[in-house]
Amino acid sequence: MTARQAPPTSRGRAALAIAWDIGAPIGMYYLLHGLGLSTFLALLLSAVLPGLTSVYQVIRSGRLDGLGLFMVSITVVSALASLVAGSPRFLLAKDGLLTAFGGAWLLVTARAERPVAFMFARALLEGRIGPHGESWDLLWERLPGFRRIWRVAGVIWGTATIADSALRFAMAYTMPVNQVPALNGLQWGVLFVLLQVVTNVYYHRAGLYDPGSTLYAPLRRPEENSRFGEGVTSP
């Protein structure tokens, strides 16, 4: 079966979109604030940019799959939070609200037909893992261990992002307002690197990246399993 591997250009666009969603609002806030806008108005206007990116992606693709629904849901929550009248600190706490929502979504979908963690990783890794670069639909259908990997990954990412949201709330209400946007951006980087390290250690231990691991044994022919030292009985 031919794997539906995401082209490098698609992965590059996804990375640029993430960088835009994190970096553009921070840069816009400091630009608008430097031009004389109030802290509240600068935060409110800068919060619009990630929402525009999500809406554009849905319109461009012409479909709303599970991943698209996740991103649009984040957009709607962001818009509602931004429309609530209040202090700048409430708008700063919005990032904590979004990460809490995202973490809850990751945890809830960990037992769904297709976890959010699975859909995010599929866009980056499909066609690059497995004995023959099989489609992830095939891997999901035939390998219980493969399904377990993405359910566990959803729990890891969900738990970490909820903990991250608590720290963002604390920063929003205790630190100087003008420092929080930059610190929030730095925190995204720290969270991403930490989760990449933790999950990749788990993926390696689970055999995700090793075509010869026992994870993929049900996909291999008997002679292939013998070559990898599996299924060999003693004389």
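The values are calculated or read from the model by the stated rules, or taken from the named source; none is laboratory data. The shown structure was predicted, so the numbers you read here are calculated from the model rather than taken from an experiment. No Cβ is skipped: glycine too gets one built from the backbone with ideal geometry, and neighbour counts run over all protein chains shown.
Taking the condition on the phi > 0 side of the Ramachandran plot and either at pLDDT 70 or above or under 15 Å from the mean Cα position of the chain (by Cα) (or both), does G36 pass?
yes
Only one of these conditions is not met by R114: (1) part of a helix (DSSP H, G or I); (2) at pLDDT 90 or above; (3) surrounded by fewer than 18 Cβ atoms within 10 Å (Cβ to Cβ); (4) of a type outside the set (D, E). Which number is it?
The one condition R114 does not meet is (1).
Which residues, taken from region 128-150, are in a helix (DSSP H, G or I), crowded, with 16+ Cβ neighbours inside 10 Å and not small (G, A, S)?
Once the filter is applied, which keeps residues that are in a helix (DSSP H, G or I), crowded, with 16+ Cβ neighbours inside 10 Å and not small (G, A, S), region 128-150 yields W136, L139, W140, F146, R147, I149, W150.
Determine whether W188 is under 14 Å from the mean Cα position of the chain (by Cα) and modelled with pLDDT under 90.
yes
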